[in-house]
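Asks: Take this structure first; my questions come after.
The values are calculated or read from the model by the stated rules, or taken from the named source; none is laboratory data. What you see is a predicted model, and the numbers here were worked out from it, not measured in a lab. Cβ sites come from the backbone with ideal geometry, for glycine too, and all protein chains shown count toward neighbours.
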Amino acid sequence: MFPHPPGFNDNVAWHTNLAEAKQLAAAQNKPLMVLIHKSWCGACKRLNQQLSAAGSEPFVEASNSFVMVNLSDDAEPSDAAYAPDGGYIPRVLFLDSAGNVKPELKNPTRSGQYLYFYTDAGSLVAGMKNALTKL
């Protein structure tokens, strides 16, 4: 367990400061996974339950390959790069180890709108694996 976990599975080494996470990613030569959500959002709460439920071990295991960033409410970045197809929530973005958003790394199970939206642990793990192969 990590001190003061921000949700979305207490067994994940979440960071809540994007600038510090980018420095860590560069030092460790790891890509970043950035989860942007709101505390009041129903879809965010459902994803939190999915990622925290029994059987979420594949998500926890995949998280070890990333610097994991959990940004809620006012911590959402204002830079347009963090909303490549809109400001909906939750959305998950992948960044390279230099901290550059990689908009081409979309949810492989979606087409059309909301390409960075994940509804369940399985699709997010698939997205994480896809990102790792391309980063």
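Asks: Only one of Tyr114, Tyr118 is at positive phi, outside any helix (DSSP H, G or I) and in contact with a Gly (Cβ under 9 Å, 6 or more places away or on another chain). Can you tell me which?
Replies: Numbers: Tyr118 fails: at positive phi.
Criteria check complete, one pass: Tyr114.
Asks: If Val125 meets every condition in (1) farther than 25 Å from Ala27 by Cα; (2) surrounded by 16 or more Cβ atoms within 10 Å (Cβ to Cβ) apart from one, which number is that one?
Replies: If we test Val125 against (1) farther than 25 Å from Ala27 by Cα; (2) surrounded by 16 or more Cβ atoms within 10 Å (Cβ to Cβ), just (1) comes out false.
Asks: In contact with an Asp or Glu (Cβ under 7 Å, 6 or more places away or on another chain) and within 14 Å of Leu124 (Cα to Cα) - does that describe any residue in the stretch 54-74?
Replies: Of the residues in the stretch 54-74, the ones in contact with an Asp or Glu (Cβ under 7 Å, 6 or more places away or on another chain) are none.
No: the stretch 54-74 contains no residue that is in contact with an Asp or Glu (Cβ under 7 Å, 6 or more places away or on another chain) and within 14 Å of Leu124 (Cα to Cα).
Asks: Check off (1) surrounded by fewer than 22 Cβ atoms within 10 Å (Cβ to Cβ); (2) touching a Pro at 6+ places or on another chain (Cβ under 8 Å); (3) closer than 22 Å to Lys134 by Cβ for Ala43 and give me the number that stays unchecked.
Replies: (3)
Asks: Moving on to the next point. Evaluate the stretch 12-20: report whether one residue or more is among the acidic types (Asp, Glu) and within 22 Å of Lys129 (Cα to Cα). Step through it out loud before you land on a result.
Replies: Here is the first cut: in the stretch 12-20, the ones among the acidic types (Asp, Glu) are 20.
Checking the rest, the ones that are also within 22 Å of Lys129 (Cα to Cα) come to none.
No, there is no match, as no residue in the stretch 12-20 is among the acidic types (Asp, Glu) and within 22 Å of Lys129 (Cα to Cα).
Asks: Between Ala21, Ala54, Ala27, which is at pLDDT 95 or above and either in a loop (DSSP other than H, G, I, E, B) or loosely packed, with under 12 Cβ neighbours inside 10 Å (or both)?
Replies: Details: Ala21 fails: either in a loop (DSSP other than H, G, I, E, B) or loosely packed, with under 12 Cβ neighbours inside 10 Å (or both); Ala54 fails: at pLDDT 95 or above.
Going through Ala21, Ala54, Ala27 in turn, just one is at pLDDT 95 or above and either in a loop (DSSP other than H, G, I, E, B) or loosely packed, with under 12 Cβ neighbours inside 10 Å (or both): Ala27.
Asks: Pick from the stretch 71-95 the residues that are of a type in the set (Asp, Glu) and free of Cβ contacts under 8 Å to residues at least 24 places away in the same chain: which of them is nearest to Leu32 (Cα to Cα)? Please lay out each step first, then the result.
Replies: Initially, the stretch 71-95 is screened for residues of a type in the set (Asp, Glu), giving 73-74, 76, 79, 85.
Pick out the ones that are also free of Cβ contacts under 8 Å to residues at least 24 places away in the same chain and you get 74, 79.
On the way: Asp74: 20, Asp79: 16 Å.
In this case the residue turns out to be Asp79.
Asks: Right, next: Within the stretch 65-76, how many residues are at pLDDT below 95 and part of a loop (DSSP other than H, G, I, E, B)?
Replies: Residues in the stretch 65-76 being at pLDDT below 95 and part of a loop (DSSP other than H, G, I, E, B): 1 in total.
Asks: Next question. Taking the stretch 80-95, which residues are touching a strand residue (DSSP E or B) at 6+ places or on another chain (Cβ under 8 Å) and either outside any strand (DSSP E or B) or surrounded by fewer than 17 Cβ atoms within 10 Å (Cβ to Cβ) (or both)? Walk me through it before giving the result.
Replies: If we filter the stretch 80-95 for residues that are touching a strand residue (DSSP E or B) at 6+ places or on another chain (Cβ under 8 Å), which is where we start, we get 81-84, 89-95.
Passing the criteria: Ala81, Tyr82, Ala83, Pro84, Ile89, Pro90.
Asks: Considering Ala131, Ala98, which residue is touching a residue at least 12 places away in the same chain (Cβ under 8 Å), part of a helix (DSSP H, G or I) and not charged (D, E, K, R)? Before you say what the answer is, go through the steps one by one.
Replies: Values: Ala98 fails: part of a helix (DSSP H, G or I).
Exactly one residue qualifies, and that residue is Ala131.
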